[in-house]
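Step one of this worksheet: look at the structure below.
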Ligand code: BJ8
């Protein structure tokens with residue numbers, strides 16, 4: 001990771017010592033999990049570059065954009081509509097929630113039995129190591145699970161520019177109306193923040209950019225159905241993670257170029273894993289940077305991850321916004337339609353998710369599904385129980401894992417994953 005940005009980080013209020021230790025652990029992880037692997041697609045060099053500059057050049061770009069009058073909006077959830085942000089010529093970035101930091105301090109504010117993802121957001125804030133958070137003009141939290149909902153009450157004390165978006169919990173007409181009114185409220189907040197009136201034309205532009213990015217990610221997802229899989233699960237996860245940080249137009253171009261290369265690899269039967277390697281669909285909680293533990297263990301055991309049923313993956317990027325509307329109201333309705341299809345486990349009931357996992361598993365020719373639940377994440381862990389029954393009835397192999405961000409359980413997880421992979425081989 002490039003460290004030539006000390007002054008910029010200091011001006012942002014980062015704690016340079018803590019930040020340096022974060023960068024060092026990121027560097028080590030990145031080298032072990034990515035750079036030391038063989039037979040990666042050449043176009044992954046772009047992702048390696050982005051990661052090497054994720055706290056450097058990308059932050060400089062954001063600060064330059066801010067200096068020219070543009071605004072930066074940070075988000076923790078795929079329910080925050082990027083289309084509206086882009087329509088106001090603002091920049092949306094995902095916020096860091098994938099590593100433990102300052103846990104002792106965090107546990108003075110949050111109970112120990114809070115999921116690692118929520119604790120991570122607090123850890124990055126308390127220890128002042130996330131330049132995205134510190135550069136954001138507005139940070140959007142969302143009322144989804146109880147943990148996040150209550151935690152944002154505390155987070156607001158640390159991050160006064162927090163805006164909380166309320167989300168429905170049921171896929172009913174009332175739920176849809178609620179989402180629509182919350183998106184309208186968000187649009188007004190973005191207009192106030194940026195001073196830009198979001199016209200129909202601007203909204204169409206935002207939809208177009210987001211759709212193109214999602215289409216590139218969907219293309220990548222489809223290519224992974226090939227056998228042998230042309231790209232490793234780790235690299236594909238990284239791409240889905242970087243989608244939250246990078247400039248959308250540049251990222252879309254880079255991913256389409258990578259997909260061109262993958263198509264050649266498929267024609268040449270050049271796989272990221274050997275022919276016949278067991279194929280795994282990962283399903284469950286989101287995996288934010290630098291949470292690479294489970295796919296790393298799966299691939300180290302000789303299998304290949306061929307899809308992520310996750311917000312950092314398929315759940316976050318499938319379905320495009322219809323581009324048929326002409327008025328701002330019609331376009332907003334199309335945005336609501338697209339996001340209302342997201343089958344996050346906070347919805348009750350949530351039958352679409354089960355069906356989607358079966359569908360993905362068949363389409364990607366998966367030999368088994370590994371369900372990844374963060375400890376104390378009730379929505380996903382509770383859903384994994386009936387999911388297991390359903391998959392068993394359909395003869396789909398299933399393994400449930402509950403973990404956190406620490407490496408303490410790596411030995412035990414490795415044993416369980418190796419046994420599972422042996423059974424499905
Ligand atoms: S749309 S999955 S990004 S809410 S892991 S904090 S659910 S206790 S992250 Fe999510 Fe939006 Fe849904 Fe996706 Fe709670 Fe579970 Fe923690 Fe979670």
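Read-outs: derived from the displayed coordinates by stated rules, not from any lab. Predicted model, so just to flag it, every value in this text is computed and none were measured. Here the Cβ positions follow ideal geometry from the backbone for every residue, glycine too, while neighbour counts run over all protein chains shown.
Can you grab the distance from the C-alpha centre of the stretch 130-195 to the C-alpha centre of the stretch 61-126, Å, no decimals?
First find each Cα centre; the distance between them is then 12 Å.
Apply the Kirkwood formula to the stretch 3-424: the hydrodynamic radius equals the inverse of the mean of 1/r over all pairs of different alpha-carbon atoms; give it in Å with one decimal. Could you put the intermediate results ahead of the total?
Values: mean 1/r = 0.0457 Å⁻¹.
Computed over Cα pairs of the stretch 3-424, the Kirkwood hydrodynamic radius comes out at 21.9 Å.
Mind sorting 214, 400 by how few other Cβ atoms lie within 10 Å of their own Cβ, fewest first?
Values: 214 21, 400 17.
Placing the least packed residue first, the sequence is 400, 214.
Can you pull the percent of Cα pairs in the stretch 45-166 with separation above 20 Å?
Working: 3289 of 7381 pairs.
So the pairs more than 20 Å apart make up 45 percent of the total in the stretch 45-166.
Taking neighbour counts of Cβ atoms within 10 Å as a proxy for exposure, in what order, fewest first, do 49, 186 appear? Numbers along the way, then the final one.
Working: 49 13, 186 19.
Placing the least packed residue first, the sequence is 49, 186.
For the stretch 376-425, what does the convex hull of the Cα positions come to per residue, in cubic angstrom? Could the numbers behind the result be given before it?
Details: hull volume 3.7 nm³, N = 50.
For the stretch 376-425, the hull spanned by Cα atoms encloses 74 Å³ per residue.
Take every Cα pair under 8 Å in the stretch 3-424 that's 6+ residues apart, average their separations, divide by the length, and report that relative contact order as a whole percent. Please list the in-between numbers first.
Numbers: 651 pairs, mean separation 74.5, N = 422.
Relative contact order for the stretch 3-424 comes out at 18 percent.
From the P(r) of the stretch 322-425, could you give the percentage of C-alpha pairs in the tail past 25 Å?
The answer is 37 percent, as a whole percent.
Suppose the Debye formula is applied to equal point scatterers at every Cα of the stretch 206-348; what is log10 I(q)/I(0) at q = 0.13, 0.20 Å⁻¹?
-0.61, -1.23
Among the DSSP beta bridges whose two residues both lie in the chain, what percent are antiparallel, rounded to the nearest 5?
Working: 0 of 29 bridges.
Of the beta bridges lying entirely in the chain, close to 0 percent run antiparallel.
With each run of n ≥ 4 DSSP H residues scored as -39500 (n - 2.57), what mean residue ellipticity at 222 nm is computed for the chain after dividing by its residue count and rounding to the nearest 500 deg cm²/dmol?
Working: 19 runs with 224 residues, N = 425.
It lands at -16500 deg cm²/dmol.
Sort 327, 384 so the one with the fewest other Cβ atoms within 10 Å of its own Cβ comes first. If you can, show how the numbers build up before the last one.
On the way: 327 10, 384 22.
Ranking 327, 384 by Cβ neighbours within 10 Å, fewest first, gives 327, 384.
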